[in-house]
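These notes concern the structure reproduced below.
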Amino acid sequence: MSNDLYVPREHQARIEAELGRFAVLVCHRRFGKTVLSVNRLINAARETRRDDWRGAYIAPLYRQAKTVVWDELKRYCGFGLDGCTVKFNETELRADFDNGSRIRLFGANNPDSLRGMYLDGVVFDEVAQMPLRVWTEVIRPALSDRKGWAMFIGTPRGKNALYEIWEKGKTDPDWLAAMYRASETGILPVEELEASAREMSPEEYEQEFECSFTAAIRGAYFGQLLADADREGRMTDVPADPSMPVHTAWDLGMSDSTSIWFVQARPGGTFAVIDYYEACGEGLDHYARILDDKGYKYGTHIAPHDIRVRELGTGKSRLETARSLGIRFDIAANIPIQDGINAVRTILPRCWFDETRCAPGIEALRHYRRSFNDRTADFSTRPIHDWTSHAADGFRYFAVGFRQPEPGPRPARSANNYNPFGDTHARD
C-alpha cells in the first residue's frame, strides 16, 4: 500500500504487509496509527474495482473525527495540489473520489447515524472510548454482504471494547492482533520517554506508552472500588434468588441509550447486582417486553426525576406511558450529581456483581470519570458525558432511590472465596 504523500515507517510497512480482513492494533502514543489507517482507506478507495465502494472512519465523537482526521484525510488525498481529483464535502465530512468511491467520517456517540448503510472498509479510532455494540450491532452487519474489512486502532483505557476486541483478535486466525509499546518500537527517543515518565504518573505512562490494559483510569470515580470488588471475589456468578424481589434502576434516554440495572437486596445489607440491560432508540414498550422476558419477580422500579416531563408529541409523560404498560416507578430524589456519586461509593463495597450478565455495565462504571483540564491542571467537578454515562446514572439512581436495609455484617468469606449468593466460587 503506497501513496506519493505517505511513506510508511518500518512498523507501519510491516502492518500493511500482514493486514487481513480484520485487524486490531494496540499502539503507543505518536505511533502513527491515524496516518496508517487513513491511508489504508484512501488506497482501498482508489484501487477498488467497484464504482460504489464505501469507507468509514469512526471516532468516539463526531467532533473528534473532524478535529483529528478530516485534515489528515484531505492532506493525503492531495487537497490543494495539482491533479487532486477528490471532492470534499465539508458539511458531511465526506471525500468523493472520481471512480465513485466515498470515505466518510462518523462519531460513535450517535450509533443510529451509522445504521442502514453498507460498508466495504471501516476504521475504528480510539476504540477504548466506544461501546462495543457499535461494532457488534451496527457495523459488523453492514460489512456482511460486501465482505468488507475492519481495522481497530487505539491506546488502552482499561478493559473495555478495545480489550475485548484485542482478546478476540489474539485467538482468531482471521485477525491480525499486534501491540506496539514505546519501549520496543524505537519511534520516540529514549530521552523523550524518560522525560514523559518523570512528568506523568506511573499509571498514565504505562497506559499511554506501554499499552497497559490494567493501568488505573485517570479521573475514574469508582475504579478503585471496582478493583477491590474484583480482588475480593465479588465479580463472579451471582444467580437470582427466586424467593426475593428484583429491583430495577433506570436511566431513561430519549434519542440515546436507556440502561437498566437489576438488583436484589440480600440479608446482611449486601446487594446482588444480577443483570444489566442497555439499548438505544427504543420506546418504553420495548423495555416492558425485556422485563417480561427476564422473568424476574419484581419489586421497586426506580427512575430519574425527569420521567415526569411531558413529551411534545404525545402530551404524556413517560411516567404515564410506563404506568399504562404496567411499570410503576418510584422517583429518585433530584440531588446534585456529586452527592449521587458519593451514594454509589457508599454502597459499592456491599455489592456483588454477576460478571457475565453485568459486564457492559461494570465496564461503564469502571470508566466513568472526570475530565482533566490541561489549562488549569486540574480535574473537572463534573463527569464526562459519554458511553459510560447511562450505566453510571442508572446505578446512581439506585443508590439514591432505593430504601436500603440496615447495614449488617458483611458475609463471611472462606479462604477459597466462597460466594454467598450461589453454588459457584469467585474467581481468584
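No lab work stands behind these numbers, since they all come straight from the coordinates. Predicted model only: the values in this text are computed from it and were never measured. Reconstructed Cβ throughout: ideal geometry from the backbone, glycine too, with neighbour counts over all protein chains shown.
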E199 to D330: extension gain in nm, 0.36 nm per residue of separation minus the Cα-Cα distance?
-> 42.3 nm
Computed over region 181-235, the convex hull of the Cα set has an average projected area, in nm², of 4.5
Cα convex hull volume per residue for region 223-401 (Å³) = 124
Note down the relative contact order for the chain as a percent, whole number, built from C-alpha pairs under 8 angstrom at least six residues apart.
-> 16
Förster radius 35 Å - calculated FRET efficiency between D112 and L188, Cβ distance, rounded to 0.05 = 0.35
The simple spin-label model distance between L19 and E47, using points 7 Å out along Cα→Cβ, in nm, is 0.8
Estimated inter-spin distance, K297 and K170, nm [label 7 Å along Cα→Cβ] | 4.3
Calculate for the chain the 222 nm mean residue ellipticity that helices alone would give, adding -39,500 (n - 2.57) per DSSP H run of length 4 or more and normalising by residue count, nearest 500 deg cm²/dmol.
-> -9000 deg cm²/dmol
Cα centroid separation, region 257-279 to region 161-196 (Å) | 35
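Mean projection of the alpha-carbon convex hull of the chain over all orientations, in nm²?
24.2
Test of understanding: ordering E208, E192, E199 by Cβ neighbours within 10 Å, fewest first, what list do you get?
By the 10 Å Cβ count, ascending, the order reads E199, E192, E208.
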State to the nearest 20 debye the size of the charge dipole of region 10-210 about its Cα centre, where the only charges are +1 on K and R beta carbons and -1 on D and E beta carbons.
-> 760
Fewest to most Cβ atoms within 10 Å: Y205, Y118 sort as Y118, Y205
Square roots of five times the Cα gyration tensor eigenvalues for region 289-370, Å = 26, 19, 12
How large is the dipole of region 44-102 about the Cα centre if only Lys and Arg carry +1 and Asp and Glu carry -1, each at its Cβ, rounded to the nearest 20 debye?
-> 180
Among G299, M117, T171, which residue has its Cα positioned farthest towards the positive end of the charge dipole of the chain, with +1 placed on the Cβ of Lys and Arg, -1 on the Cβ of Asp and Glu, and the dipole taken about the Cα centre?
-> G299
Toward the positive end of the charge dipole of the chain, about the Cα centre and with charges on Cβ (Lys, Arg +1; Asp, Glu -1), which of V69, A392, Q129 goes farthest?
-> A392
So for R0 = 22 Å, FRET eff. of E320-E282 from the Cβ-Cβ r, to 0.05, ends up at 0.75
Would you mind ranking R49, R369, R146 by Cβ crowding within 10 Å, fewest neighbours first?
-> R49, R146, R369
Simple spin-label estimate for D241/I384, 7 Å along Cα→Cβ, in nm, reads 3.8
Relative contact order [Cα under 8 Å, 6+ residues apart], region 10-210, whole percent | 30
Using +1 on the beta carbon of Lys and Arg, -1 on that of Asp and Glu, and nothing else charged, what's the dipole of the chain about the Cα centre, debye to 20?
-> 740
Return a single number: how many Lys pairs in the chain, at a sequence separation of 8 or more or on separate chains, have alpha-carbon atoms below 24 angstrom apart.
-> 13
Return, for the Cα atoms of region 10-210, the radius of gyration and Dmax in Å, separated by a comma.
-> 17.0, 52
